[in-house]
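Student: Mind having a look at this structure? Questions to follow.
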Amino acid sequence: MNCYPSNRAWSDRFLPEIKRTIGAHLLERAPDPEDWHNATDLMMLDAKDLRIAARVRRPGYANRFPYDFTIRSRIPSGAETELSKIVNGKGDWLFYGHSNETQTGLFSWWLLDLRAFRAGLIRQVQNGFPIRSGDRANPDGTWFKWFDIRSFPKYPPIVVAGSECC
């Protein structure tokens, strides 16, 4: 059974809040010369396109796994997964949030730098840097790889920003 349409519809309800949250981290105050000469008060953090993956977990997971984030690693159809795409260099940031109990907003969230994620994975392989991770299966036949955010190297930092609650 393909759960994608219903899962996508559920997670899309959070997109307006995710866009507002991420937007605060994409813009910065322009330097004075930009304001003086170019009518510019705000500038984009990064001049290139920024590709952002978004994942929202259902209520209850934030308390059970407060420092874990998961990325889909296998699906029954055998199609390419988010983990494969990310490891292969796709995506710049990952917005990872947890729904509140009423599923009307976000309870907690992180904005993660996927370049730092990939760097952490490389360091783990090359230097034996211990990133805590594992695999979880869902009843629908999908699999996720979980990662403990605290186990990633301090540099480059994996966390761009996060909510105050966690």
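The values are calculated or read from the model by the stated rules, or taken from the named source; none is laboratory data. Being a predicted model, the structure only gives us computed values, none of them experimental. Neighbour counts run over all protein chains shown; Cβ positions are idealised from the backbone, glycine included. Note: accessible area is taken over every heavy atom of the protein model, side chains too, but ligands, DNA and RNA are not part of it. Shrake-Rupley method; radii C 1.70, N 1.55, O 1.52, S 1.80 Å.
Student: Which of the following residues is of a type in the set (A, V, I, L, M) and either more than 12 Å from the chain's Cα centre (by Cα) or within 16 Å of TYR4 (Cβ to Cβ) (or both): LEU106, LEU111?
Tutor: Residue meeting the stated conditions: LEU106.
Student: Continuing with the same structure: Are any residues in segment 4-23 within 17 Å of GLY105 (Cα to Cα), open to solvent by 60 Å² or more (accessible area, probe 1.4 Å) and in a helix (DSSP H, G or I), and if so, which ones?
Tutor: If the condition is that a residue be within 17 Å of GLY105 (Cα to Cα), open to solvent by 60 Å² or more (accessible area, probe 1.4 Å) and in a helix (DSSP H, G or I), then ARG8, ALA9, LEU15, PRO16, LYS19, ARG20 are the ones that fit.
Student: Shifting gears a bit: If you go through segment 121-143, how many residues are of a type in the set (Ser, Thr, Tyr) and outside any loop (DSSP other than H, G, I, E, B)?
Tutor: Adding up the residues that qualify gives 1.
Student: List, please: which pairs have Cβ atoms under 6 Å, are six or more places apart or on different chains, and start with a residue in segment 66-87 that is in contact (Cβ under 8 Å) with a residue 24 or more places away in the chain and farther than 18 Å from ILE158 by Cα and end with one that is open to solvent by 40 Å² or more (accessible area, probe 1.4 Å) and of a type outside the set (Val, Ile, Thr)?
Tutor: Cβ pairs passing all conditions: ARG72/GLU82; SER73/TRP143; SER73/LYS145; ARG74/TRP143.
Student: Listed residues ALA30, ALA39, ALA54, ALA9; which is under 21 Å from ALA116 (Cβ atoms), without any contact (Cβ under 8 Å) to a residue 60 or more places away in the chain and of a type outside the set (Val, Ile, Thr)?
Tutor: After ruling out the rest, the residue left standing is ALA54.
Student: Filter segment 24-37 for residues that are open to solvent by 90 Å² or more (accessible area, probe 1.4 Å) and in a helix (DSSP H, G or I) and give the result.
Tutor: TRP36, HIS37
Student: Tell me, yes or no, whether segment 148-159 has at least one residue that is within 26 Å of ARG13 (Cβ to Cβ), of a type outside the set (Ser, Thr, Tyr) and touching a helix residue (DSSP H, G or I) at 6+ places or on another chain (Cβ under 9 Å).
Tutor: Checked segment 148-159: at least one residue is within 26 Å of ARG13 (Cβ to Cβ), of a type outside the set (Ser, Thr, Tyr) and touching a helix residue (DSSP H, G or I) at 6+ places or on another chain (Cβ under 9 Å).
Student: Moving on to the next point. Looking at this structure, is LYS85 over 16 Å from PHE69 (Cβ atoms), over 11 Å from the mean Cα position of the chain (by Cα) and basic (Lys, Arg)?
Tutor: No; evaluated as a whole, the condition is false for this residue.
Student: Out of segment 80-120, which residues are open to solvent by less than 50 Å² (accessible area, probe 1.4 Å) and in a loop (DSSP other than H, G, I, E, B)?
Tutor: THR81, GLY89, GLY91, ASP92, ASN100, GLY105
Student: Moving to a separate point now. So is TYR4 within 16 Å of PHE95 (Cα to Cα) and among the hydroxyl-bearing types (Ser, Thr, Tyr) or not?
Tutor: So TYR4 fails the test.
Student: Shifting gears a bit: Just give me the residues in segment 78-107 being over 12 Å from PHE14 (Cα atoms) and of a type in the set (Gly, Ala, Ser), in sequence order.
Tutor: Of everything in segment 78-107, those that are over 12 Å from PHE14 (Cα atoms) and of a type in the set (Gly, Ala, Ser) turn out to be GLY78, ALA79, SER84, GLY89, GLY91.
Student: Out of everything in segment 121-162 that is over 17 Å from the mean Cα position of the chain (by Cα), surrounded by fewer than 16 Cβ atoms within 10 Å (Cβ to Cβ) and among the β-branched types (Val, Ile, Thr), what residue ends up being nearest to GLU28 (Cα to Cα)?
Tutor: ILE122
Student: If I ask for residues that are at negative phi and loosely packed, with under 14 Cβ neighbours inside 10 Å, which ones from segment 68-79 would you list?
Tutor: PRO76, SER77, ALA79
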